[in-house]
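The values are calculated or read from the model by the stated rules, or taken from the named source; none is laboratory data. In this text, all values refer to a predicted model and were calculated from it rather than measured experimentally. Cβ: placed from backbone, ideal geometry, glycine included. Neighbour counts: every protein chain shown.
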Amino acid sequence: MRLIGAESIKMTSRTRDRSLGFTMVEAMIVVAIMGLLVALAAPPLSDFLENAQARQNTNELLSSLLLARSEAVTRNMPVSLCTAGSSLTACNAGMDWTDGWISFEDIDADGVRDIGEELIEQHSELNSTTLIRAVNFSDFITYLPSGGVSSMGSFNVCVGDASARLITINVTGRPRLTDGSCGQ
C-alpha cells in the first residue's frame, strides 16, 4: 500500500509541475487581448493628450497676458506683448504667436520694443502642433496704465484638429477663458 501511495504522490507532483506555467497558446491569447485593448484606448488617449497640450499652451499665453496687465497698472505705463520669433528680444511682425512672444514696457504704446524699453518677459515657441489665431491682436497687444486695452480681441489656441481654448479680452483688459473651435 505504501508503494501505491508513493506513486499517487509522485503522479500528483508531476501534474502540479505542468500546471505551474502558461502554454504558448495561452500567452498568445493574452497578448492578443492586450493588443486589442491598447488599440481601443489609443484614440481617447491622443484626445486626452491634445486637450492637455491645449490647456497648457492656453495657460502660458493667459499667464503672460495677466502679467502684462498687472505690470501696466503697477508701473503706470503701457506694457505690450508682441510676437517675437527666435530672437526673444525684439518684436517681429512677420512671426506667429506660436513662434514666441515678449512683453515689455512700451513707453510710446506702439507695440514695438524701442531702445530703453525694459523687457519684462520672454516666452519661447510652442510645440509644432499648436496654432494660435488672433483676432485684433495679429502682432501685438498693448495694456494701458488703467489695465485696459484699446480694442477688444481674442486668441484661439488649437492643438490638433479638435482641442481648442479661446481667450477673449474685453476693453477693460480682462482676459476670459472659454472653449474654442478649431474650425476654419
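Numbers at a glance
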| quantity | calculated |
| --- | --- |
| Of all residues making up the stretch 78-95, the number that are within 24 Å of the chain's Cα centre (by Cα) and within 19 Å of Ser63 (Cβ to Cβ) | 6 |
| Some residue of the stretch 64-76 being among the β-branched types (Val, Ile, Thr), modelled with pLDDT of 85 or more and either under 25 Å from the mean Cα position of the chain (by Cα) or outside any helix (DSSP H, G or I) (or both) | no |
| Positions within the stretch 72-98 being in contact (Cβ under 8 Å) with a residue 60 or more places away in the chain and more than 19 Å from Glu125 (Cα to Cα), in sequence order | Ala72, Val73, Arg75, Asn76, Met77, Pro78, Val79 |
| All positions within the stretch 169-184 that are among the β-branched types (Val, Ile, Thr), out of contact with any Pro (no Cβ under 7 Å at 6 or more places or on another chain) and either farther than 21 Å from Asn76 by Cβ or buried (at least 18 other Cβ atoms within 10 Å of the Cβ) (or both) | Thr178 |
| All positions within the stretch 77-87 that are buried (at least 17 other Cβ atoms within 10 Å of the Cβ) and either part of a loop (DSSP other than H, G, I, E, B) or not hydrophobic (A, V, I, L, M, F, W, C) (or both) | Met77, Pro78, Ser80, Thr83, Ala84, Gly85 |
| Residue that is modelled with the highest pLDDT, among those in the stretch 96-118 that are of a type in the set (Asp, Glu) and outside any loop (DSSP other than H, G, I, E, B) | Glu105 |
